[in-house]
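The values are calculated or read from the model by the stated rules, or taken from the named source; none is laboratory data. In this text, all values refer to a predicted model and were calculated from it rather than measured experimentally. Every residue, glycine among them, receives a Cβ derived from its backbone with ideal geometry; neighbour counts consider all protein chains shown. Side chains included, ligands, DNA and RNA excluded: accessible areas come from the protein's heavy atoms. Shrake-Rupley method; radii C 1.70, N 1.55, O 1.52, S 1.80 Å.
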Amino acid sequence: QVQLVESGGGLVQAGGSLRLSCAASVRPFSLYAMGWFRQAPGNEREFVASISRQGTSTSYGDSVKGRFTVSRDNAENTLYLQMANLEPEDTAVYYCAATRGSGTYYFQRNYEHWGQGTQVTVSS
């Protein structure tokens, strides 16, 4: 059974940083492209970032470009999202997702597996 478990969320002040992790039970992890999405209260889930199987390609949502960095450690079966210069508008539940595709993927429908999410709250 595929399992994705996010961690690292919490409360941070505006301008601060957080690093989210996603531990994956998918095997082999290196055959899965990965993504991060987020959902704020009252909003639809939106794309944050995606990374290809070997980490050679990445893509970002416009609202996080230049502030967030997605990476992965295939030896540790772990996906990361380094978030810097956080803004109150970044407050949301953050989800990781996995797909057996070979590129990076923007649409939720491309992803087959989802985690339960981790809460990030940015105070002003």
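So the values come out like this:
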item: Carbon plus sulfur fraction of accessible area for the chain, probe 1.4 Å, in percent; result: 43
item: Area accessible to solvent at Glu6, 1.4 Å probe radius, in Å²; result: 20
item: GNM top mover of Ser21, Ser102, Ser52 - the chain, alpha-carbon springs below 10 Å; result: Ser102
item: Charge dipole (debye, nearest 20) of the chain; +1 at Cβ of Lys and Arg, -1 at Cβ of Asp and Glu; result: 340
item: Percent RCO, i.e. relative contact order, over region 21-107, from Cα pairs under 8 Å lying at least 6 residues apart; result: 41
item: Sequence of Glu112, Glu46 when ordered by accessible area, the most exposed leading, probe 1.4 angstrom; result: Glu112, Glu46
item: Label point at Arg100 placed 7 Å out along Cα→Cβ; residues across region 1-40 whose backbone nitrogen lies under 16 Å; result: 1-3, 25-34
item: Accessible area per residue in Å² at 1.4 Å probe, computed on the chain; result: 50
item: Surface/4 estimate of mean projected area, convex hull on alpha-carbon atoms of region 43-106, nm²; result: 4.7
